[in-house]
Every structure is written in C-alpha cells, then in structure tokens.
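The structure appears right after this line, and notes come after that.
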Amino acid sequence: METVRGFILVGLSCLAFASEGFAQNGTCAGISLGPGANLNGYRPFPSDNAWNTDISAAPVDPNSANIISFIGATAPLHPDFGAGLYLGNTIGIPYGVEDATQPKVPVKIVAYKNESDPGPMPLPPNALIEGYPNPGDGDRHVLVLDKDGCWLYELDRGFPKGSLWKADSTAIWDMTINEQRPYTWTSADAAGLPIFPGLVRYDEVADGAINHAIRGTVPVTRQAFTPPASHWASSVTDPNAPPMGLRMRLKASFTFRASRLTTR
C-alpha cells in the first residue's frame, strides 16, 4: 500500500494534446506484448468510467479553494515518468502485457488478505517491479495486463519467490466493465483504485492525446474517500484535506504543448 501519499483523479479534458476528445479506437486484444507495451489506442475500462469521463462541465466543490490551499497552491506537480532516480530507485510505475500463454501462479498475500483478490495471476518471474532494476523496499507495485482476457492484475509490495510471488495486497480488475472495490477495501493503491488507467504512457503521448484522468498523489489526505475510491489511509480529519479519489480539473486556460519526444 502506498505509504504516505493520497490518490487523485486529475481530469484531463484540458490537457489532451489533440482534439480527439475522449474517444477510443483500439481493442484489448490489439494491445502489443511485453514490458511497457503499446496499447495501440486501447483505453482501459468503459467510456463512462470515472477515469475516462470528461469533467470539464462538472460543478466545482464549494470548498475547492480551501482544499487547494491545504494541498499548496504554489507547489508544482512532479512527474514520475520513469526518468531519474529517487533513493537509488527508478521513479515511475512500470507495467507489462501478457497473453493467455503466460502461466498463472499463486500469490501469497501477507498483509491485507481479507481485502485482496487471491489469484492466481499471470505473473512472469521477471515482471517489472516499481523501482526497477533496484526496486528497494518501497511500494514495489507490479502491474500486469492480460490482453486476451482483458484483465488487469496489480500487486502492492510484490516480491518474486522463485516462480511464485508474495505481496502485501492484490487486486484483479475486469477492464471491460465498471467495477469498484467493496466498501472500505484497499487495492494495490491505498485509495482502493486501479493504478494502471491513471498512468501516462509513452504511446498515448506520442499519438498526441491523453484521453483519461491522470493518477496523482499529495503528501497528506483526509480520513475520507469519494467514489470510486473505497479506502482511506489517514488519521487526518481536517475538512480542508483532500479525500481519497478527489477529482482535480485543470483550468481551461492551461495549455500544454509537447515538444520533441526523444527518449522512451
């Protein structure tokens, strides 16, 4: 589980690099295979899922100004896109794509067994772990997509043990439907949300549009959550602190122009 951060859905209706809106033109079966594979236009979960919904016309929370002030209006966002190190570990969260030929293996759940999906899961012994190639002892998230079944498998603090795995918590998501964790359940994300649909990927940036919300974190969150989040990880009750699952929207005046994409 994320140790100190909270989780937010950041609406990207103003951040898309092109004008295609929130359309999708790919299929799960059309995803490429391998680590960091190209999704070839596929967007996880249905178009009316919270990750994929345009919030440009949604009403503003009456307490918005106080929440922004609590977070820190002058503090910049820090992108963890797999470039650079933090405490010797690669920043960002990697993922891999497998197909039906990948054997499913048991996962031993050691911390949140009653709030986890037991598996088995199609995890190769060399699946990328957050922080690779030296994952350290942090969150060690492991994200694997099954392109044939259209399932998403996520581990928090994943450790390979030979051909098997152990983890603090696990979650399995059907990417063809809208689903939510049971009330107060965690996932591989402390908010009870899936991690993968909120990541910024090279292939979508190269295609010119990010047609989903971006996953973000803040240092302090409230002891509360708003759906589709289902879990909190805080003792803070200040009403100005952001709840888990908070949606943040960029101002319509904000523009972002991609320049040269020279590295991956």
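The values are calculated or read from the model by the stated rules, or taken from the named source; none is laboratory data. If you're wondering where the values come from, they're calculated on a predicted model, not measured in any experiment. Positions of Cβ are generated from backbone atoms using ideal geometry, with glycine treated the same way; all protein chains shown enter the neighbour counts.
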Failed item in (1) more than 18 Å from Ile129 (Cβ to Cβ); (2) of a type in the set (Asp, Glu); (3) crowded, with 18+ Cβ neighbours inside 10 Å, with Glu98 passing the rest: (1)
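In the range 25-52, what residues are buried (at least 18 other Cβ atoms within 10 Å of the Cβ), in contact (Cβ under 8 Å) with a residue 60 or more places away in the chain and part of a loop (DSSP other than H, G, I, E, B)? So that I can check it myself, show each step before the final result.
Narrowing the range 25-52 to residues buried (at least 18 other Cβ atoms within 10 Å of the Cβ): 28, 31, 38-39, 42-45, 49-52.
Checking which are in contact (Cβ under 8 Å) with a residue 60 or more places away in the chain leaves us with 28, 31, 38-39, 43-45, 49-52.
Ile31, Asn38, Leu39, Arg43, Pro44, Phe45, Asn49, listed by residue number.
With Val236, Val218 as the choices, which residue is surrounded by 18 or more Cβ atoms within 10 Å (Cβ to Cβ), assigned to a loop (DSSP other than H, G, I, E, B) and either among the hydrophobic types (A, V, I, L, M, F, W, C) or touching a His at 6+ places or on another chain (Cβ under 8 Å) (or both)?
On the way: Val236 fails: surrounded by 18 or more Cβ atoms within 10 Å (Cβ to Cβ).
Unique residue meeting the criteria: Val218.
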Condition first: in contact with a strand residue (DSSP E or B) (Cβ under 7 Å, 6 or more places away or on another chain) and either buried (at least 16 other Cβ atoms within 10 Å of the Cβ) or of a type in the set (Gly, Ala, Ser) (or both). Now tell me which residues in the range 125-139 satisfy that. Ala127, Leu128, Ile129, Gly131, Tyr132, Pro135, Gly136, Gly138, Asp139
Tabulated pairs, the range 146-158, first touching a residue at least 24 places away in the same chain (Cβ under 8 Å), second surrounded by 21 or more Cβ atoms within 10 Å (Cβ to Cβ) and acidic (Asp, Glu), C-beta under 6 angstrom, 6+ apart or interchain: Asp146/Glu98
Which residue, of Glu204, Glu179, is in a loop (DSSP other than H, G, I, E, B), within 22 Å of Val144 (Cα to Cα), out of contact with any helix residue (DSSP H, G or I) (no Cβ under 9 Å at 6 or more places or on another chain) and among the charged types (D, E, K, R)? Glu179
In this structure, does Thr184 turn out to be assigned to a loop (DSSP other than H, G, I, E, B), of a type in the set (S, T, N, Q), surrounded by fewer than 14 Cβ atoms within 10 Å (Cβ to Cβ) and at pLDDT 95 or above? yes
Looking for something part of a loop (DSSP other than H, G, I, E, B) and modelled with pLDDT under 95 - is there at least one such residue anywhere in the range 140-160? no
Please go through the range 96-115 and pick out each residue that is within 30 Å of Tyr202 (Cβ to Cβ), small (Gly, Ala, Ser) and in a loop (DSSP other than H, G, I, E, B). Ala100
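So is Gly119 modelled with pLDDT under 90, outside any strand (DSSP E or B) and touching a Phe, Trp or Tyr at 6+ places or on another chain (Cβ under 9 Å) or not? Before you say what the answer is, go through the steps one by one.
Values: modelled with pLDDT under 90: yes; outside any strand (DSSP E or B): yes; touching a Phe, Trp or Tyr at 6+ places or on another chain (Cβ under 9 Å): yes.
Taking the combined requirement at face value, the residue satisfies it.
Give the range 64-95 a look and list any residue that's assigned to a loop (DSSP other than H, G, I, E, B) and surrounded by 13 or more Cβ atoms within 10 Å (Cβ to Cβ), or say none.
Pro79, Asp80, Phe81, Gly82, Ile91, Gly92, Ile93, Pro94, Tyr95
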